[in-house]
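Inspection log for the structure reproduced underneath, given as structure tokens.
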Amino acid sequence: MLQFDIRAILRSKAPKARVPGFLIRYLERIVHIRQMNAFLRKYPDKRNYDFIRLVISEELGCTASIEGTENIPTDDKPVIFVSNHPLGGLDGMIIAQMIHDSRQAKGEKRELKVIVNELLMYMEPINQLWAPVNKVGRLTREQAAEQQQMWEGGTDVLTFPAGACSRLQRIDGRWQIQDLEWKKNFVQRAREYQRDVVPIYFEGKNSKFFYVLALLRKWLHIKLNIEMIYLVDEMYGAHGKHFRVRVLPPIPYTTFDNTRTPQEWAEYVKQYVYEANHTPC
């Protein structure tokens, strides 16, 4: 039976490292290993969107309201969905489920891949939905070939251009929870593969502890993203919450011309997403 094993994951990523037992036990506690494994034992045969639906509704008791599903394209042309990333995991599952359900309601069967940290590939029941990025270690040749096929084929892609979940930042003289800089990759991909971009705004936030830890790490000049290990704990901390998701009108790939650099276009789309959240539907 499939079970999450912290020791096995650490051995696979750092085979020569010696991790003290007390640290492993601490990691098991903050990633809720017992709860996750109990859930896997309860639903051993659930996979992909069936699994995600049960995680959201039963394990976490979360709900979401979706605005703008009419902006999800219905033609055969693959697109790039881009979203802010306030939660660092649960938001990706909710958005992927939303896109899947919207497509199913319209009688469509379009494949969707979500670009994620490669560590999430250990979530076997749903790892077929993921397209890993190289943050820890290297992608295998097979993974790299699959991603190339993803871009060249008819698969839709959901990506979080910040590459990490939102942080507490000083913006325009006040503290705000917002994404870090959006990377230009999605603009370059849109141009190269002639894919329109569908922006999404996800309303949500993590705990004060998470943001304070991130600020403290930055203040101490620690490069290792230590707050990332608390993201599963943050997910369980979202139990019973309601989230609002807003899908904005697609941006044609031809918009991304040479009047701005790809990085400037990425910032333009980011600001569009955050500003659109404050305007009526």
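Every number here is computed from the coordinates shown, using simple stated rules; none is lab data. Worth saying up front: this structure is predicted, and the values here are computed from it rather than measured. Note: ideal-geometry Cβ built from the backbone for every residue, glycine included; neighbour counts use all protein chains shown.
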Please work out whether region 50-143 counts as rounded, prolate or oblate from its C-alpha gyration tensor, where a ≥ b ≥ c are the square roots of the eigenvalues and a/c under 1.5 means rounded, while otherwise a/b larger than b/c means prolate and anything else oblate?
oblate
Answer label, with Kirkwood radius over Cα pairs in Å calculated from the coordinates and candidates [x] 22.2; [y] 19.9; [z] 18.8:
[y]
Place +1 on the Cβ of every Lys and Arg and -1 on the Cβ of every Asp and Glu in the chain, take the dipole about the Cα centre, and give the residue among ASN71, ILE6, ILE115 whose Cα lies farthest towards its positive end.
ILE6
Within the chain, which is the longest segment containing none of the trypsin sites (Lys or Arg not before Pro) that sit in a DSSP loop and have at most 12 other Cβ atoms within 10 Å?
19-105
Three-way shape label, region 175-265, alpha-carbon gyration tensor, a/c 1.5:
oblate
Listed residues ILE200, VAL273, LEU231: farthest to the positive end of the dipole of region 125-281 (Cβ charges):
LEU231
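Filter the GluC sites (Glu not before Pro) in region 1-109 down to the DSSP loop ones having no more than 15 other Cβ atoms within 10 Å, then list what survives. Intermediate results must be reported in sequence, preceding the final value.
Numbers: sites: GLU28, GLU58, GLU59, GLU67, GLU70, GLU108; in loops: GLU108.
Sparse-neighbourhood loop GluC sites (Glu not before Pro): GLU108.
Assign unit charges at the C-beta atoms only (+1 for Lys and Arg, -1 for Asp and Glu), then state the dipole size of the chain relative to its Cα centre in Debye, rounded to the nearest 20. Can you show the working numbers first?
Working: 40 positive and 33 negative charges, 259 e Å.
In total the dipole reaches around 1240 debye.
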Region 234-271 to region 210-231: how many Å between their Cα centroids?
24 Å
So how far, in whole Å, is the C-alpha centre of region 66-116 from the one of region 4-24?
34 Å
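Given the chain, what percent of its DSSP beta bridges are antiparallel, to the nearest 5? Working shown, then result.
Values: 10 of 29 bridges.
Bridges in the chain are about 35 percent antiparallel.
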Tensor-based shape of region 1-45 (alpha-carbon gyration tensor, a/c under 1.5 rounded, otherwise prolate or oblate):
oblate
Between the helical axis of 33-42 and the dominant principal axis of the chain, each derived from Cα atoms, what acute angle in degrees is found, rounded to the nearest 10?
70 degrees
Amide H contacts of GLU67 (H built 1.01 Å from N, under 5 Å, at least 5 apart or other chain)
VAL245, ARG246, VAL247
